[in-house]
Structure formats: C-alpha cells, structure tokens
Amino acid sequence: MRFPRIAEKIRQLTLPSTDAKYMINRNPRNLELLRIAYKPDGYHLDKPGRSFWYKLEVNPSGRYVTAQVKHFESGPVVTASTSEWAIKKQLFKTKDTSAYVNLARVLAQRCLESGLIEMRCDITPNPNSKLDKFLRTLEENGLKLSEPERFEAPRPWNRHRPEKPWEVTE
C-alpha cells in the first residue's frame, strides 16, 4: 500500500475499540434520539415551519391513502399505503374509515420496528373524522405525535451569577 500510516489509522478507527472509555457509534440518527442534534430552523416565513426531525404526512388521493414519516434531510423513512397489495387485499374499500384505522396500525408497527417513537404532526382534523381516528389509532399503538425540544447543555456563562459575589447583604 502506498500510504501505510493512513491505512493503519483507518484500520484503527474502523475496528471496535477494546478501551472501555471510548465507543464509536455509527448510527446517523443517534444524536436525534438523544435530542442533541440540531433541528433545522428554515426561514421564518416558512409555514408551518421546518423545526422537526421527523414529520408525519397523510396524503389521500382519489383512490388510495398514503401515510409516511419524513426526515427533514433525507425524505421518507417509513411509508404505508392502502395501494400495497398486502393491505389492499384485507380491506373492503381503500378510503373508508376502516382503511384509515388499519393503515394507522400498519404505520405504527413499522415505525416502532424502525425505532421511531416521536414525530411532529401538523394535521388538525375535525372531531370524529377519518383523520382523527387515524391519529388516535397511532397514539393508541405507541407513537407520540409531538417531538421533544432539543436538549441544550447548561453552559457556565448561562448560570445566574450575582453581580458582586464578594458583597454579603445579611
């Protein structure tokens, strides 16, 4: 090999560490699960805003309903649709209330299997509508339809400091 030092360094970085103090985590979504990753702010005129890691979208078309969880950077992560053969063959109609409820069950199962538990939801349905039952079914199956705020580590300059700590007013 032409560059033995570089090859040795790469091998050291890619092999698992035997030292218990250090661990290399190659999961790109791990910082989002720890609430440390930055949320994109977007432009202040964006409606309804872009401050999310994962977002739930439901797209009813003329014949089918598609629900997907999108990542702010890489697009759809988990998708379920009533146009899928495995779902469609179990339904009487592909756009009625039972289709929405069963689609929510399938989407919730796929999200839980992929490790997505919290996501942003901007959908405001009417009470007792198909979308309302869809969202309630998602929550009943273990998903949380709001994302937590980003964790801000306390900084030493953010703590309250008295103006003159050397003065005692007792």
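Structural remarks
- Verdict on V77 being in a strand (DSSP E or B), modelled with pLDDT of 95 or more and under 22 Å from E147 (Cα atoms): no
- Once the range 44-87 is narrowed to residues that are surrounded by fewer than 17 Cβ atoms within 10 Å (Cβ to Cβ) and basic (K, R), the residue that is nearest to L112 (Cα to Cα) is R50.
- In the range 115-135, of all residues being under 18 Å from the mean Cα position of the chain (by Cα) and more than 16 Å from V65 (Cβ to Cβ), the one that is surrounded by the fewest Cβ atoms within 10 Å (Cβ to Cβ) corresponds to G115.
- A99 small (G, A, S), closer than 23 Å to E32 by Cβ, at pLDDT 95 or above and over 14 Å from the mean Cα position of the chain (by Cα): no
- The condition of being outside any loop (DSSP other than H, G, I, E, B) and modelled with pLDDT under 85 holds for only one of R5, R26, that being R5.
The values are calculated or read from the model by the stated rules, or taken from the named source; none is laboratory data. The structure displayed is predicted, hence computed values, not measured ones. Cβ sites come from the backbone with ideal geometry, for glycine too, and all protein chains shown count toward neighbours.
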